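The values are calculated or read from the model by the stated rules, or taken from the named source; none is laboratory data. Just so you know, these numbers come straight off a predicted model, no measurement behind them. A quick note on method: Cβ atoms are made from the backbone with ideal geometry, for glycine too, and the neighbour counts reach across all protein chains shown.
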There are 2 protein chains.
Amino acid sequence: MGLIVKKFGGSSVGSVEKIMAVAKRIIDEKQPGDKIVMVVSAMGDTTDDLIALAKGINKEPYQYTREMDMLLTTGEQISISLLTMAFKTLGQPAVSLTGPLAGMKTNSVHTKGKLVDIKPVRVLAELDKGNIVVVAGFQGCNEIGDPVTLGRGGSDTSAVALAGALKADSCEIFTDVDGVYSADPRMVKDARKMKEITYNEMLEMARLGAGVMQPRSVEMGKYFNIPIHVRSTFTTKPGSFIREEYTMEDKEFTIRGVAHDNDVAKIAVLGVPNNPGIAHSIFSALADANVDVDMIVQSIRNIEKNVTDMVFTVAITDLPEAKKIVDRVADELNAIAVLIEEDVAKVSIVGAGMLGSPGIAARMFGALSTASVNIEVISTSEISISCLIKNAKLKEAVNAIHAEFFPAK
Amino acid sequence: MGLIVKKFGGSSVGSVEKIMAVAKRIIDEKQPGDKIVMVVSAMGDTTDDLIALAKGINKEPYQYTREMDMLLTTGEQISISLLTMAFKTLGQPAVSLTGPLAGMKTNSVHTKGKLVDIKPVRVLAELDKGNIVVVAGFQGCNEIGDPVTLGRGGSDTSAVALAGALKADSCEIFTDVDGVYSADPRMVKDARKMKEITYNEMLEMARLGAGVMQPRSVEMGKYFNIPIHVRSTFTTKPGSFIREEYTMEDKEFTIRGVAHDNDVAKIAVLGVPNNPGIAHSIFSALADANVDVDMIVQSIRNIEKNVTDMVFTVAITDLPEAKKIVDRVADELNAIAVLIEEDVAKVSIVGAGMLGSPGIAARMFGALSTASVNIEVISTSEISISCLIKNAKLKEAVNAIHAEFFPAK
């Protein structure tokens, strides 16, 4: 018995058959006294269909962000009404609520909104009437009532935040994978499903390239201290719990996961004067353009000439913008050259236990060395170590590191 | 210069091309200083597509009226966002508002809601900013904010009511015909477009079968005294004005139109006792089942036996329900027989000038007689005369009457 928020993504509700299947499953799993809130995304291709319509009007419809939100919020409104009808058809009282009706208040940054307040008065009232409450994910309204979408991964964020506001016992995120793995199972055959992982580890995994959860929703879970249960739409087996601390003696592994990211590019600015303020001049220009810089290494190139090399990585999507800025700044600084490498990838290990376990870094580098993978850049955080390598070596690298920290039983 | 509400139906905004065409036209026709509110329906087939989805969940989705409203209101939300993008693409500032955002307050009768209040604060604010305001027709919300649709013809009603609340100068209803005709142009080759017609005449025409405007929207126009301009989506020519009184000396014709309706059935209850309360027992039972009864004739059948015949018409859609009720009541009354005729039709003439012009009825009956059309039932109102005839004779009858009152020039 408890209050549980369950989130189903677009592919889980992609057809009327799938919607009926979700409704059946939820009713089957429901314990007497359970209060259930469903958060659902738009049906499979609906969002793409709506965007295609908008592109028929204007090739760049996202310049009209408010109108895109007016358009796209209909997608979830369709799926919540259909799922609610499915529950009712199966004899289960239910009611649908749009984001605004569920009390999801946002700022006014259309298409990339942030939740600023949640007042789930209506949700609680409908739960008290015995209804399963079906809430539209991904959306809310600003202070004048205009619909606002939350941007990428917004439905996960809606679900976790609503769970927090409702003081729910847990938030279940149903997805096409059955949990959080020690590495991407598509890349590592022996990847293990983790029973538990902490918010911080999950955030670090996501930041370093693991796609299973959007960082914003994990942050939301951490803020409200709501356990997030990542589980499969297709099976009833338990998945992985994301929470503040481990509850089980599952501390076999100091490292909780191996993450990778091949959407990165390396930029090297060679031969810049080694004076105070040089790093600032490069990175503040990038920050002004909203370009996130990741791994940064500065090395002395030539002590006599007092010049240095500045090496860092950016997301591949930011590369054109970053290149423009770096070329300009390098020119102003009289740098010798700017080198761009796109055939790189980042492989990382994550684990909160790493701090108290010396030698973890050495084991990682050793595994890469044995696999003949050259390391170009290294960076570390409190709970992670990342190495930049050649993209062509990524699969070997991830498997070598995984085998080192998660040996076959 | 003025404040004008312009309503476009689903076929006028049935594709992105048509939406762009509507936007272009409105911008072309806009005079400096004009304030324009657009009321639009869902794109062409959207509503049917949504209903088909719902039927995939449950063959009778309309039993879930609240959820059907949640589903169907997305249709207009899609068209308002696209039309607004079209305006903006053409350089015209515009903003979309759902029914609720436009202040359209309804009762809670889902799928058949009635407007109970309109507070168009936001509409006025957006007009003052120089926007064309694009409002979703057919919808509003009840006092707890749930979406409610207005039922059949709801978008016309939204438009006229909003025009009333805004104290607009006029309300233009764009449709696939270019005005109100003296008879259905598909049936009468010489049908004339009327420059003007009064609310009462239009209401009577609609009640008697003319399809161009839903009665509710005409009543709304009459209530607010808003001139309604019925005009074509495809041409810029003026159409017909529906208003309180004629403004032009266009009184050539005492009769304003010939209406017809072949979706009627005749029910005859033969040989019921001619006692007080007999009519009440039949018609109250029908009223309890929400069956509208139209033409009623009671005639003495047999004075000695003191029995009478009761003849009346109902809409063909109500016939199964009506038959069940009438059979039961006829049984209780010991009536001799119940006869049903489905091959009947009603032809009517409408005109406010009729009252002061004796001989109109005689001219109508004469025209029918000359055309060898037998009259089964006659009924009259202050501004109309209706005859029930055989369906097979309908076209001849309508043409004969039209030729009598609207002679070829």
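The figures follow:
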quantity: Selection status of A:I144, within 11 Å of chain B (Cβ to nearest Cβ) and either over 21 Å from B:Q77 (Cβ atoms) or in a loop (DSSP other than H, G, I, E, B) (or both); calculated: yes
quantity: Residue in segment A:76-95 that is nearest to the other protein chains (Cβ to nearest Cβ), counting only those that are touching a residue at least 60 places away in the same chain (Cβ under 8 Å) and under 28 Å from the mean Cα position of the chain (by Cα); calculated: A:L82
quantity: Considering residues of segment A:175-212 that are within 24 Å of A:S12 (Cα to Cα) and out of contact with any strand residue (DSSP E or B) (no Cβ under 9 Å at 6 or more places or on another chain) only, the residue modelled with the lowest pLDDT; calculated: A:G211
quantity: Filter pass, B:E29 being within 18 Å of A:I57 (Cα to Cα) and either surrounded by fewer than 20 Cβ atoms within 10 Å (Cβ to Cβ) or of a type outside the set (D, E, K, R) (or both); calculated: no
quantity: Residue ID - farthest from the chain's Cα centre (by Cα), chosen from residues in segment A:31-75 that are assigned to a loop (DSSP other than H, G, I, E, B) and within 8 Å of chain B (Cβ to nearest Cβ); calculated: A:N58
quantity: Matching residues in segment B:6-30 - criterion: being more than 11 Å from every other protein chain (Cβ to nearest Cβ), within 24 Å of B:D128 (Cα to Cα) and either over 22 Å from the mean Cα position of the chain (by Cα) or of a type in the set (S, T, Y) (or both); calculated: B:V22, B:K24, B:R25, B:I26, B:I27, B:D28, B:E29, B:K30
quantity: Any hit, segment A:381-395, residues being surrounded by fewer than 19 Cβ atoms within 10 Å (Cβ to Cβ) and over 23 Å from A:Y181 (Cβ atoms); calculated: yes
quantity: Residue in segment A:250-268 that is outside the structural domain of A:E29 (by TED's automatic domain parsing), aliphatic (A, V, I, L, M) and surrounded by fewer than 18 Cβ atoms within 10 Å (Cβ to Cβ) present; calculated: no
quantity: Residue within segment A:236-255 that is of a type in the set (D, E, K, R), over 26 Å from A:K222 (Cβ atoms) and assigned to a strand (DSSP E or B) present; calculated: no
quantity: From B:D294, B:D309, B:D331, B:D343, residue being loosely packed, with under 15 Cβ neighbours inside 10 Å and part of a strand (DSSP E or B); calculated: B:D343
quantity: Residues located in segment A:96-125, provided they are assigned to a loop (DSSP other than H, G, I, E, B) and either more than 13 Å from chain B (Cβ to nearest Cβ) or among the small types (G, A, S) (or both); calculated: A:G99, A:A102, A:G103, A:N107, A:S108, A:V109, A:K112, A:G113, A:K114, A:P120
quantity: Output for segment A:346-394, where each listed residue is touching a helix residue (DSSP H, G or I) at 6+ places or on another chain (Cβ under 8 Å), in a strand (DSSP E or B) and more than 22 Å from A:T254 (Cα to Cα); calculated: A:I389
quantity: Members of segment A:150-181 that are surrounded by 20 or more Cβ atoms within 10 Å (Cβ to Cβ) and in a loop (DSSP other than H, G, I, E, B); calculated: A:L150, A:L166, A:A168, A:G179, A:V180
